Amino acid sequence: MNFNSLQREEMRQLFLTQDKNLLERMFTAAYDVKKQYVGTKVYFRGIIEFSNICQKNCFYCGIRKDNKAVKRYLMPLEEILEAAAWADEQNYGSVVLQSGERTDEEFISYVENALRKIKELSCERLGITLSLGEQTKETYERWFKAGAHRYLLRIETSNAELYRTLHPEDHSFPERLRALANLKETGYQVGTGVMIGLPGQTTDDLINDILFFKEADVAMLGMGPYLPHHDTPLKKRTANFDAEKQLDLALRMIALCRLYLKDVNIASTTALQALKHNGREIGLQAGANIIMPVITAVKYREDYLLYDNKPCLDENASVCRTCLEGRIKSIGEMVGYGEWGDSPHFLKK
Ligand code: 5AD
Ligand code: SF4
């Protein structure tokens, strides 16, 4: 099999095979492609989950609007800046601002202000990625002007029908596509991604996701296994959740994305770590090259649970840093401190 120019049928085979030897060859090939196209430096993006207030009701998500068990918060500006300043001191290179989705003017200007202040306090050093959902083009432009230069907006699945089963009526697949196009037009480095192993998702769906990423010409991928959250409608539709299978599927997806897309940044997400303590390191070995350490203050972490069993709820950012660094060294890689680590795919343009 030529791993460097995979066809649909071969991807299907690699998703389904139980042949250990073939799988090992796939993971080795993916790691080779990673070395060749993006190198083995891991870039950190410290993630600040600054609010769990959300106006949406995605069926899979623990902080969906209708989950009344969640204590809602919005971090005060000073705390956001404190976290960003810490990331800058640690030479993290970049931060990610993530929250539930809100589209009111108060929120938009709050973020705008935070962006300006983060740029200022870090003397423009910190790169800023946003993960704040679907917004109007005008909002994307305002935030871009204020200093954000990357944006993550997952398509969740490229199968419009499956997308419909995961979201209430007010969600629209074409709307999501339009938002991705708007982000690109605005000038962001755009990242998207899917949840892997969703109820009702087929192997062909995952293959189509990979082809979708190529077609959409994205610079970054943030994907992770779907993990049930006890207070959500999708949990009720999740039969026989098998953590080991879920991890196996997610790793194959990462490797296949690396083999097919080659020069994009791929995140090894916290959701992988929720399935296995060293899940993120295994993700790096399967072809990912980005890690997003949570730097949200510990007091908020219990309230930002998109899925059950989220790891490291009581470890502060410094502990996480030391722990992560050791783990990354243990697989023979190093951290790209003090660099933005932009996607070579984006820089090529
Ligand atoms: N399992 C895995 N990922 C989830 N997300 C939300 N809920 C879950 C879950 N239960 C992911 C979605 C969203 C991102 C912010 O978090 O993909 O885009
Ligand atoms: Fe809100 Fe995002 Fe969760 Fe959907 S996935 S409910 S938009 S926080």
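Each reported figure results from applying straightforward, stated rules to the coordinates on display, with no laboratory input. Values in this document were obtained by computation on a predicted structure and should not be read as measured data. Don't worry about glycine lacking a Cβ; one is built from the backbone with ideal geometry, like all the others, and counts go over all protein chains shown.
Annotation: extensible slack from His230 through Glu124 equals 34.1 nm (criterion: 0.36 nm per residue apart, minus Cα-Cα distance). Straight-line reach from Lys41: taking Cα to Cα under 19 Å and skipping same-chain neighbours fewer than 8 places apart, the aspartates and glutamates in range are Asp32, Asp88, Asp263, Glu281, Glu325, Glu333, Glu339, Asp342.
Across segment 73-85, coupling constants 3J(HN,Hα) worked out from phi with the 6.51/-1.76/1.60 Karplus curve, θ = phi - 60°, read 9, 10, 5, x, 3, 4, 6, 5, 5, 4, 5, 5, 5 Hz, and Gly and Pro carry x. Backbone amide hydrogens, once placed in the peptide plane, bring Gly224 within less than 5 Å of Val194, Ile196, excluding anything fewer than 5 places away on its chain.
Ranked by the mean number of other Cβ atoms within 10 Å of their residues, highest first, the peptides 150-161, 193-204, 5-16, 262-273 fall in the order 262-273, 150-161, 193-204, 5-16. Near Val294, the amide H atoms lying under 5 Å from its own belong to Ile47; only residues 5 or more places off or on other chains count, and H is placed 1.01 Å from N. For the residue pairs Lys184/Lys236; Lys235/Lys276; Lys68/Lys145; Lys65/Lys276; Lys35/Lys348; Lys117/Lys137, the C-alpha atoms sit more than 25 angstrom apart in Lys184/Lys236; Lys68/Lys145; Lys65/Lys276.
For Ser99, the residues whose modelled amide H falls within less than 5 Å of its own, excluding neighbours fewer than 5 places apart on the same chain, are Ser131.
A straight chain from Asn278 to Glu185 at 0.36 nm per residue would run longer than the Cα-Cα distance by 29.7 nm. Here the Karplus relation 6.51 cos²θ - 1.76 cosθ + 1.60, evaluated at θ = phi - 60°, turns the backbone of segment 173-187 into coupling constants of 4, x, 4, 4, 5, 5, 4, 5, 5, 4, 4, 5, 4, 5, x Hz, with x for every Gly and Pro.
Phi angles of segment 31-44 translate, via the Karplus equation with coefficients 6.51, -1.76, 1.60 and θ = phi - 60°, into HN-Hα couplings of 5, 4, 5, 4, 4, 5, 9, 10, x, 10, 7, 9, 9, 9 Hz per residue; Gly and Pro are given as x.
Considering helices alone, the calculated mean residue ellipticity of the chain at 222 nm is -14000 deg cm²/dmol, with DSSP H runs of length four and up weighted by -39500 (n - 2.57) and normalised per residue. Kirkwood analysis of the chain, using all unique Cα-Cα pairs, places the hydrodynamic radius at 20.2 Å.
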